[in-house]
1. In the range 206-216, what residues are out of contact with any helix residue (DSSP H, G or I) (no Cβ under 8 Å at 6 or more places or on another chain) and under 18 Å from ARG29 (Cβ atoms)?
2. Kindly check whether there is at least one residue in the range 127-143 that is hydrophobic (A, V, I, L, M, F, W, C), farther than 29 Å from ALA185 by Cα, exposed (fewer than 14 other Cβ atoms within 10 Å of the Cβ) and assigned by TED's automatic domain parsing to the domain that holds LEU167.
3. For VAL68, work out the one condition from (1) assigned to a strand (DSSP E or B); (2) in contact (Cβ under 8 Å) with a residue 40 or more places away in the chain; (3) surrounded by 14 or more Cβ atoms within 10 Å (Cβ to Cβ) it doesn't fulfil.
4. If you check LEU178, LEU110, LEU101, which single one turns out to be in contact (Cβ under 8 Å) with a residue 24 or more places away in the chain, under 30 Å from the mean Cα position of the chain (by Cα) and over 24 Å from GLN60 (Cα atoms)?
5. I'd like to know if the range 117-128 contains one or more residues that are on the phi > 0 side of the Ramachandran plot and not small (Gly, Ala, Ser).
6. On the given criteria, is GLN60 under 24 Å from LEU133 (Cβ atoms), loosely packed, with under 15 Cβ neighbours inside 10 Å and at pLDDT 60 or above?
7. Among the residues in the range 77-87, are any surrounded by 14 or more Cβ atoms within 10 Å (Cβ to Cβ), outside any helix (DSSP H, G or I) and without any contact (Cβ under 8 Å) to a residue 60 or more places away in the chain?
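The values are calculated or read from the model by the stated rules, or taken from the named source; none is laboratory data. The model shown is predicted, which means the values in this text are computed figures rather than measured ones. All Cβ positions, glycine included, derive from the backbone under ideal geometry; neighbour counts span all protein chains shown.
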Amino acid sequence: MADCERDCPLPESLMPSELTSNLEKLMTRRALCVILCFLGGVASMYAAKAGDNQEKGEAQLRLGKFSVSLTVKDIAASRAFYEKLGFKVSGGDQAKNWLVLQNETTTIGLFQGMFEKNMLTFCPGWDQSNATLPDFDDVRDIQRTLKSRGLVLKTNADEASTGPASLMLIDPDGNPILLDQHVPAPECADAAFPTTMRIKTALPTALTAARRRHSMYRSTRAAVRKRGLVALREEAALTA
(Lines give C-alpha, C1' and ligand atoms only; values in the text may rest on other atoms or scores of the structure.)
Protein backbone atom coordinates (compact mmCIF):
# COMPACT_ATOMS: atom_id res chain seq x y z
CA MET A 1 0.00 0.00 0.00
CA ALA A 2 2.84 2.37 0.93
CA ASP A 3 4.75 1.54 -2.30
CA CYS A 4 1.60 2.15 -4.33
CA GLU A 5 1.05 5.57 -2.71
CA ARG A 6 4.71 6.47 -3.33
CA ASP A 7 4.71 5.35 -6.97
CA CYS A 8 1.23 6.57 -7.84
CA PRO A 9 0.44 9.47 -5.52
CA LEU A 10 -3.18 10.60 -5.43
CA PRO A 11 -3.87 14.17 -6.48
CA GLU A 12 -4.68 16.47 -3.58
CA SER A 13 -8.27 16.74 -4.78
CA LEU A 14 -8.63 12.97 -4.36
CA MET A 15 -7.02 12.57 -0.95
CA PRO A 16 -9.15 10.43 1.38
CA SER A 17 -10.56 13.36 3.40
CA GLU A 18 -11.41 15.31 0.25
CA LEU A 19 -12.82 12.22 -1.40
CA THR A 20 -15.05 11.59 1.59
CA SER A 21 -16.29 15.18 1.45
CA ASN A 22 -16.95 15.00 -2.30
CA LEU A 23 -18.77 11.71 -2.01
CA GLU A 24 -20.84 13.03 0.86
CA LYS A 25 -21.83 16.16 -1.05
CA LEU A 26 -22.67 14.20 -4.19
CA MET A 27 -24.76 11.60 -2.41
CA THR A 28 -26.48 14.25 -0.29
CA ARG A 29 -27.51 16.11 -3.45
CA ARG A 30 -28.81 12.93 -5.03
CA ALA A 31 -30.70 11.90 -1.92
CA LEU A 32 -32.31 15.34 -1.62
CA CYS A 33 -33.26 15.27 -5.30
CA VAL A 34 -34.92 11.89 -4.85
CA ILE A 35 -36.79 13.11 -1.76
CA LEU A 36 -37.95 16.30 -3.51
CA CYS A 37 -39.08 14.37 -6.58
CA PHE A 38 -40.98 11.93 -4.38
CA LEU A 39 -42.68 14.70 -2.41
CA GLY A 40 -43.50 16.54 -5.61
CA GLY A 41 -45.07 13.41 -7.06
CA VAL A 42 -47.16 12.83 -3.95
CA ALA A 43 -48.32 16.46 -3.94
CA SER A 44 -49.24 16.27 -7.62
CA MET A 45 -51.15 13.04 -7.07
CA TYR A 46 -53.23 14.49 -4.24
CA ALA A 47 -53.80 17.74 -6.12
CA ALA A 48 -55.01 15.83 -9.16
CA LYS A 49 -57.28 13.66 -7.02
CA ALA A 50 -58.72 16.71 -5.28
CA GLY A 51 -59.30 18.36 -8.66
CA ASP A 52 -61.08 15.26 -9.98
CA ASN A 53 -63.30 15.14 -6.90
CA GLN A 54 -64.21 18.81 -7.24
CA GLU A 55 -65.05 18.37 -10.92
CA LYS A 56 -67.36 15.49 -9.98
CA GLY A 57 -68.99 17.52 -7.21
CA GLU A 58 -67.42 15.27 -4.57
CA ALA A 59 -65.44 17.86 -2.63
CA GLN A 60 -65.20 16.93 1.03
CA LEU A 61 -67.47 18.95 3.28
CA ARG A 62 -66.06 20.23 6.57
CA LEU A 63 -69.01 19.84 8.90
CA GLY A 64 -67.29 20.96 12.11
CA LYS A 65 -67.83 19.69 15.64
CA PHE A 66 -69.78 16.44 15.90
CA SER A 67 -72.06 15.30 18.72
CA VAL A 68 -74.96 12.95 19.30
CA SER A 69 -78.12 14.61 20.61
CA LEU A 70 -80.16 12.18 22.70
CA THR A 71 -83.81 12.58 23.53
CA VAL A 72 -84.33 11.48 27.16
CA LYS A 73 -87.29 10.89 29.46
CA ASP A 74 -85.57 11.96 32.69
CA ILE A 75 -82.63 14.31 32.24
CA ALA A 76 -81.42 13.90 35.83
CA ALA A 77 -81.29 10.10 35.50
CA SER A 78 -79.56 10.34 32.12
CA ARG A 79 -77.00 12.79 33.47
CA ALA A 80 -76.18 10.49 36.39
CA PHE A 81 -75.81 7.54 34.00
CA TYR A 82 -73.43 9.27 31.58
CA GLU A 83 -71.38 10.81 34.38
CA LYS A 84 -70.68 7.26 35.55
CA LEU A 85 -69.30 6.63 32.05
CA GLY A 86 -66.82 9.45 32.52
CA PHE A 87 -68.73 12.32 30.91
CA LYS A 88 -68.75 15.76 32.50
CA VAL A 89 -71.20 18.60 31.96
CA SER A 90 -69.71 21.24 29.66
CA GLY A 91 -72.78 23.28 28.82
CA GLY A 92 -76.54 23.61 28.92
CA ASP A 93 -79.03 24.15 31.72
CA GLN A 94 -80.62 21.19 33.47
CA ALA A 95 -83.43 23.43 34.74
CA LYS A 96 -84.34 24.04 31.08
CA ASN A 97 -84.12 20.32 30.26
CA TRP A 98 -80.95 20.28 28.18
CA LEU A 99 -77.29 19.52 28.89
CA VAL A 100 -74.08 19.03 26.94
CA LEU A 101 -71.60 16.44 28.23
CA GLN A 102 -68.01 15.86 27.19
CA ASN A 103 -65.56 12.96 27.50
CA GLU A 104 -62.24 13.91 25.88
CA THR A 105 -63.20 14.55 22.22
CA THR A 106 -66.63 12.88 22.44
CA THR A 107 -69.70 15.08 22.93
CA ILE A 108 -73.30 14.15 23.64
CA GLY A 109 -76.34 16.30 24.29
CA LEU A 110 -79.25 15.36 26.55
CA PHE A 111 -82.62 16.87 25.66
CA GLN A 112 -85.88 16.22 27.50
CA GLY A 113 -89.14 16.95 25.71
CA MET A 114 -87.55 18.88 22.82
CA PHE A 115 -87.64 16.42 19.92
CA GLU A 116 -88.85 12.92 19.17
CA LYS A 117 -85.75 11.08 17.95
CA ASN A 118 -82.03 10.97 18.63
CA MET A 119 -80.14 13.23 16.25
CA LEU A 120 -76.67 13.60 14.73
CA THR A 121 -75.48 17.18 15.21
CA PHE A 122 -72.67 19.05 13.43
CA CYS A 123 -71.55 22.58 14.25
CA PRO A 124 -69.70 24.17 11.31
CA GLY A 125 -67.04 26.62 12.46
CA TRP A 126 -66.34 24.90 15.79
CA ASP A 127 -63.72 22.36 16.80
CA GLN A 128 -64.49 19.73 19.45
CA SER A 129 -63.75 22.22 22.25
CA ASN A 130 -66.16 24.85 20.82
CA ALA A 131 -63.26 27.06 19.68
CA THR A 132 -63.93 28.98 16.45
CA LEU A 133 -61.89 27.64 13.53
CA PRO A 134 -59.87 30.12 11.44
CA ASP A 135 -61.24 28.56 8.25
CA PHE A 136 -64.34 26.43 7.73
CA ASP A 137 -67.21 25.64 5.38
CA ASP A 138 -70.14 27.96 6.04
CA VAL A 139 -73.51 26.26 6.59
CA ARG A 140 -74.99 28.16 3.62
CA ASP A 141 -72.25 26.87 1.29
CA ILE A 142 -72.80 23.36 2.65
CA GLN A 143 -76.52 23.76 1.97
CA ARG A 144 -75.88 24.71 -1.67
CA THR A 145 -73.60 21.70 -2.10
CA LEU A 146 -76.14 19.32 -0.56
CA LYS A 147 -78.88 20.59 -2.85
CA SER A 148 -76.60 20.29 -5.88
CA ARG A 149 -76.13 16.63 -4.94
CA GLY A 150 -79.86 16.04 -4.98
CA LEU A 151 -80.50 15.93 -1.23
CA VAL A 152 -83.82 17.24 0.08
CA LEU A 153 -83.63 19.33 3.25
CA LYS A 154 -86.28 19.37 5.97
CA THR A 155 -85.32 22.90 7.07
CA ASN A 156 -83.15 25.44 5.28
CA ALA A 157 -80.66 28.11 6.25
CA ASP A 158 -81.35 31.62 4.94
CA GLU A 159 -78.76 31.96 2.17
CA ALA A 160 -79.08 35.75 2.24
CA SER A 161 -77.87 35.86 5.85
CA THR A 162 -74.28 35.82 7.14
CA GLY A 163 -74.75 35.10 10.85
CA PRO A 164 -75.47 31.88 12.74
CA ALA A 165 -77.83 29.55 10.87
CA SER A 166 -78.91 25.92 10.71
CA LEU A 167 -80.40 23.29 8.46
CA MET A 168 -81.79 19.80 8.92
CA LEU A 169 -82.10 16.74 6.71
CA ILE A 170 -83.21 13.14 7.23
CA ASP A 171 -81.12 10.09 6.29
CA PRO A 172 -82.67 7.06 4.48
CA ASP A 173 -83.47 5.39 7.83
CA GLY A 174 -85.30 8.39 9.22
CA ASN A 175 -82.48 9.68 11.45
CA PRO A 176 -82.41 13.50 11.71
CA ILE A 177 -79.13 15.29 10.96
CA LEU A 178 -78.77 18.85 12.21
CA LEU A 179 -76.13 21.32 10.99
CA ASP A 180 -76.18 24.09 13.56
CA GLN A 181 -73.67 26.90 13.00
CA HIS A 182 -73.23 29.23 15.99
CA VAL A 183 -70.70 31.64 14.46
CA PRO A 184 -70.81 34.08 11.51
CA ALA A 185 -69.73 33.08 8.02
CA PRO A 186 -65.92 32.83 7.62
CA GLU A 187 -65.51 36.14 5.80
CA CYS A 188 -67.39 37.85 8.65
CA ALA A 189 -65.62 35.93 11.39
CA ASP A 190 -62.20 36.66 9.88
CA ALA A 191 -62.23 40.25 11.11
CA ALA A 192 -62.80 38.99 14.64
CA PHE A 193 -59.95 36.47 14.36
CA PRO A 194 -56.74 38.55 14.74
CA THR A 195 -53.68 37.89 12.62
CA THR A 196 -51.72 36.95 15.74
CA MET A 197 -54.25 34.22 16.50
CA ARG A 198 -53.98 32.85 12.97
CA ILE A 199 -50.19 32.75 13.36
CA LYS A 200 -50.47 30.97 16.71
CA THR A 201 -52.82 28.43 15.14
CA ALA A 202 -50.50 27.70 12.20
CA LEU A 203 -47.18 27.84 14.08
CA PRO A 204 -47.30 24.39 15.77
CA THR A 205 -47.92 22.69 12.42
CA ALA A 206 -45.07 24.60 10.76
CA LEU A 207 -42.66 23.75 13.60
CA THR A 208 -43.57 20.07 13.43
CA ALA A 209 -42.94 20.01 9.68
CA ALA A 210 -39.59 21.77 10.14
CA ARG A 211 -38.51 19.26 12.79
CA ARG A 212 -39.41 16.37 10.51
CA ARG A 213 -37.43 17.86 7.63
CA HIS A 214 -34.41 18.41 9.88
CA SER A 215 -34.60 14.84 11.19
CA MET A 216 -34.84 13.53 7.63
CA TYR A 217 -31.80 15.60 6.61
CA ARG A 218 -29.73 14.29 9.53
CA SER A 219 -30.67 10.69 8.75
CA THR A 220 -29.84 11.17 5.08
CA ARG A 221 -26.50 12.78 5.90
CA ALA A 222 -25.55 9.94 8.27
CA ALA A 223 -26.43 7.35 5.63
CA VAL A 224 -24.41 9.21 2.98
CA ARG A 225 -21.38 9.43 5.26
CA LYS A 226 -21.57 5.72 6.01
CA ARG A 227 -21.77 4.84 2.31
CA GLY A 228 -18.83 7.10 1.58
CA LEU A 229 -16.66 5.44 4.21
CA VAL A 230 -17.61 2.00 2.93
CA ALA A 231 -16.64 3.05 -0.58
CA LEU A 232 -13.28 4.35 0.65
CA ARG A 233 -12.54 1.10 2.50
CA GLU A 234 -13.44 -0.95 -0.58
CA GLU A 235 -11.20 1.24 -2.76
CA ALA A 236 -8.34 0.91 -0.26
CA ALA A 237 -8.75 -2.86 -0.18
CA LEU A 238 -8.67 -3.07 -3.96
CA THR A 239 -5.64 -0.78 -4.17
CA ALA A 240 -3.80 -2.83 -1.55
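1. Answer for the range 206-216, where residues must be out of contact with any helix residue (DSSP H, G or I) (no Cβ under 8 Å at 6 or more places or on another chain) and under 18 Å from ARG29 (Cβ atoms): ARG213, HIS214.
2. First, the residues of the range 127-143 that are hydrophobic (A, V, I, L, M, F, W, C): 131, 133, 136, 139, 142.
Keeping just the survivors that are farther than 29 Å from ALA185 by Cα gives none.
Among the residues of the range 127-143, not one is hydrophobic (A, V, I, L, M, F, W, C), farther than 29 Å from ALA185 by Cα, exposed (fewer than 14 other Cβ atoms within 10 Å of the Cβ) and assigned by TED's automatic domain parsing to the domain that holds LEU167, which makes the answer no.
3. It is condition (3) that VAL68 fails.
4. Of the residues listed, the single one that is in contact (Cβ under 8 Å) with a residue 24 or more places away in the chain, under 30 Å from the mean Cα position of the chain (by Cα) and over 24 Å from GLN60 (Cα atoms) is LEU110.
5. Looking for residues that are on the phi > 0 side of the Ramachandran plot and not small (Gly, Ala, Ser), one finds none in the range 117-128, hence no.
6. Details: under 24 Å from LEU133 (Cβ atoms): yes; loosely packed, with under 15 Cβ neighbours inside 10 Å: yes; at pLDDT 60 or above: yes.
So GLN60 fits the description; yes.
7. yes
Residue-wise test of (1) modelled with pLDDT of 70 or more; (2) assigned by TED's automatic domain parsing to the domain that holds PHE122; (3) not basic (Lys, Arg).
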position	(1), (2), (3)
MET168	yes, yes, yes
PRO186	yes, yes, yes
ILE199	no, no, yes
VAL224	no, no, yes
ARG227	yes, no, no
VAL230	yes, no, yes
